[in-house]
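The values are calculated or read from the model by the stated rules, or taken from the named source; none is laboratory data. A quick note: this is a predicted structure, and the numbers were derived from the prediction, not measured. As a convention, Cβ positions derive from the backbone with ideal geometry for all residues, glycine included, and neighbour counts pool all protein chains shown. Remember, those area values only see protein heavy atoms, side chains included, never the ligands or the DNA or RNA. Shrake-Rupley method; radii C 1.70, N 1.55, O 1.52, S 1.80 Å.
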Amino acid sequence: MIDIFDRYAPFIQDYIYENGWENLRAVQTAAGDAIFNSDENVLITASTASGKTEAAFFPIVTLLSEDPPTSVGVIYIAPMKALINDQYDRITEIASRCDIPVTRWHGDVSQSKKKKLTEHPAGILQITPESLEAILLRRHSLVNKLFGDVRFIVIDELHSLMRGDRGGQTLCLLERLAGITGVYPRRIGLSATIGDPVKAGKFLAAGSGRKTIIPNIPNIPQKWRISVEHFFTRGPEAGDAVDENNKPLPELSAPTDKAPASADPGMAYIFEHTRGKKCLVFCNSREESETVTSTLRQYCEANDEPDRFMIHHGNLSTSIRESAEEAMKDEDTAITTVTTATLELGIDIGRLERAFQIDAPFTVSSFLQRMGRTGRRNLPPEMWFVIREDPVLPRAMMPESVPWKLIQAIALVQIYLEEKWVEPPRLDRLPYSLLYHQTMSTLASLGEMTPAELAGHVLPLSVFYRISTDDYKVLLRHLIDIDHIEQTERGGLIAGLAGERVINDYKFYAVFAENEEYTVRSESEEIGTLCAPPPPGDKIAIGGHVWVVEDVDRKRHLVYCTMVKGIVPAYFGDVPGDLNTKIVKRMKRVLEEDNMYPYLMKNAVGRLNIARGQAREAHLTENPLINLGGNMWALFPWLGTYSFLALERFLKIKCANRLGLKGLSPARPYYMQFTMKASKEEFFRIVKEEAAKKFDPLELVYPKEVPDFEKYDEFVPDELVRKGFAYGVLNTAEMLETVLKWQ
């Protein structure tokens, strides 16, 4: 086999020499072999900062230089504009050496640059799924000119697209594109966090007419620096009173600065360990990131020191987000950015010294991605978990005294260390919301079609493999009834007046749900966007600052405000968490085990010891049902979010009458509390009897309930929304399997 370096174009070889690389990395050799020596799709899975981008583009650009395409040659799809912007310079530096242009295409790119590409299509196009949808919808006549000779589709951060409608939309777009152009380009997937490469390869290949090669890339042994510390928001810490073995507990380096005396202990800990360093602080919601940023900035003000904290999340204006990104790349600036998942993906933000995670993320994938933001420039990845908990009240019931977020953080770390497990893709959903979206997009782009022609364009798309022709007829009849589709005199179908209003809204391109947003302005500066703004005179939190609302223009969706001091809660919409059953079961083992984990710090050790002692005293892990006194009970099913949700409904709908069960209150997916007249023995007998009976998962949907879960469910017939929820969301099979094993 020819040496991969020798196979690269001379200008690529020069690039490697100029960067001082003495030899190729394993990922580059493996990817080069698969791309050069096959015609199949390729899934490149390697750790963060391993050189996946170069591994893909060195051979791709070589092939383009040897046989230039007559249109755009490569479509690079990324889930975020920030990632496109970040990768633009890296890809341009490689491609420009043989005059291959690189073009960005998203909402922040000027029309003049887009026009240049449509007039002279060539090179590499960087685009989001939403912008590609817009091209197919609004510029349908240009599709063949733009993509008639495309050779490669590169999908970056593939894992982020494998669990929801956005990934399904991406596959639909690629298949629709192939149907229009008659070209079936190779797909190259890139990711650092693929748990099941075979399933991911199947997802990548769907509808491409090709198989997926998954090169075996040896993992480079890597040291991690991980710490997990726990803080009560007030009062003594768990580590102050507990030292189980009477041995010195691990301590972190001494603080480099001091937070105000009245500071929240967890926030003070972050404040004290970020001075003079470049750090990220990850939060699980935009609201939390706003509160954390405001708090840390107040500590700076109280200490009479310059503000050293920035903020980055999806509701902020482009200028604020890009300012944070540029500041993080500046090697001479020691700042800390508080962020959400927007800086989780592969943006290179320079030499980060450590990342903090407030509480625990919901997935192993997020944990790995967030930790992977650090550890570049030959430093080990470094993640400090900061678990915050309100003090446990003396009268609190058993379930409320378990430090769930601490246990969750430990489980996430352990399950990867022990098994290298990451959440698998979800390939078995019933995506009726996406079916509506692709139906309307197809009609809008192709014009009038008979029902059979429309079905022939939409139903064969691979993501809809579970949807029957009968279901599609139900959808089309409903859309005609609500005027989203109109039937012409000839019997053809076109978009109706109500459908046109949906299609013509710029938000139609996205399949993920968005809240009704208002743009926030202070004089001429755009700050970001909000949901449901308060009336004039009230305060809002956005951009890590507090603002008083001066005026609200509801017609134009504008909020005018002025900056003031203080802290107020922020609200951008609900942020649901989705825990896998495997993680929840590992949480149970954390409570059962005796061993201590080397990355736990003093307070976390003390808090875990307390929790384990309480769990053993209550026999928490031995029996899922615990009596809390009288007829009050707590059930610990150790199930993931959607299996837990199925169990909730199963108990209420199938078992409640026989058990005398009332007042079921869930703390998903950890436990549920309720009162019942039955004994423990009767509970297990009755529940298992009901689980053994054959029943349709649709029976777990409440009468008259229409559980809108996805963005366009409101336009889908009620019977299909119910069916999609019952068969595509609730994990009834896993729930029943668990129940039948209860003793």
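The length gained by stretching the chain between E22 and D551 to full extension, at 0.36 nm per residue less their Cα-Cα distance, is 184.4 nm. Accessible area of E288 (1.4 Å probe, protein heavy atoms only, ligands and nucleic acids ignored): about 40 Å². Between I311 and V338, the built amide H atoms are under 5 Å apart, and every one of these is 5 or more places off in sequence or on another chain. Near F684: Cβ cut-off under 13 Å, other residues only, Lys/Arg at +1 and Asp/Glu at -1. The net charge is +1.
I want to verify the translational diffusion coefficient of the chain in µm²/s; compute it with Stokes-Einstein, Rh as the Kirkwood radius over Cα pairs, at 20 °C and 1.002 mPa s. The estimated diffusion coefficient comes to 76 µm²/s. Counting Lys and Arg as +1 and Asp and Glu as -1 over every other residue whose Cβ lies under 13 Å from the Cβ of I583, the net charge comes to +2. Just to confirm a number: summing +1 for Lys and Arg and -1 for Asp and Glu over residues other than L664 whose beta-carbon lies under 11 angstrom from that of L664, what do you get? So the surrounding residues net to +2. Relative contact order of the range 390-482: 22 percent, from C-alpha pairs under 8 Å at least 6 residues apart in sequence. Relative contact order for the chain: 12 percent, from Cα pairs under 8 Å spaced at least 6 residues apart, divided by residue count. Annotation: per residue accessible area for the range 633-743 equals 45 Å², rounded to a whole number [probe 1.4 Å, protein chains only].
Got a sec? Charge dipole of the chain, +1 on Cβ for Lys and Arg, -1 for Asp and Glu; which of Y76, I610, P265 is way out at the positive end? After comparing all options, I get I610.
Of S319, S71, S285, the order by accessible heavy-atom surface (1.4 Å probe, DNA, RNA and ligands excluded), from most exposed downward, is S319, S285, S71. Centre-to-centre separation between the Cα atoms of the range 192-241 and those of the range 281-321: 26 Å. Every helix of 4 or more DSSP H residues in the chain counts as -39500 (n - 2.57), and over all residues that averages to -11500 deg cm²/dmol at 222 nm.
Can you give the relative contact order of the range 1-137 as a percent, counting alpha carbon pairs under 8 Å and 6+ residues apart?
Across the range 1-137, relative contact order equals 24 percent.
Model label points for N303 and K116, set 7 angstrom from Cα along the Cα-to-Cβ axis, are 4.5 nm apart.
In what sequence, highest mean first, do 11-17, 722-728 appear when ranked by Cβ atoms within 10 angstrom?
Values: 11-17: 15.4, 722-728: 20.6.
Descending packing order for the listed peptides: 722-728, 11-17.
Were the residues from E322 through K539 laid out at 0.36 nm apart, the gain over their Cα-Cα distance would be 75.6 nm. Between the listed residues I540, Y727, S50, the Cα displaced farthest toward the positive end of the dipole of the chain, a dipole computed from Cβ unit charges relative to the Cα centre, is found at Y727. Taking 7 Å steps out from each Cα toward its Cβ at E617 and S665 produces label points 2.2 nm apart. In the range 52-83, whose amide N lies under 20 Å from the spot 7 Å out along Cα-to-Cβ of D39? List them in ranges. The answer is 59-71, 73-75, whose backbone nitrogens lie closer than 20 Å to the label point. Here Y88 sits with roughly 50 square angstrom of accessible surface, probe radius 1.4 Å. Relative to its residue count, the range 19-173 spans a Cα convex hull of 124 Å³ per residue.
Think of the range 612-697 as having a plus end and a minus end, set by charges on the Cβ of Lys, Arg, Asp and Glu; of A667, L639, A692, A692 sits farthest toward the positive end of this dipole. What the phi angles of the range 668-676 give under the Karplus curve with 6.51, -1.76 and 1.60, with θ = phi - 60°, is a coupling list of 5, x, 8, 7, 9, 10, 6, 9, 7 Hz, glycine and proline written as x.
Think of each Lys and Arg Cβ as +1 and each Asp and Glu Cβ as -1; about the Cα centre, that makes the dipole of the chain roughly 1480 debye. The stretch between E419 and L379, if pulled fully straight at 0.36 nm per residue, gains 12.0 nm over its current Cα-Cα span.
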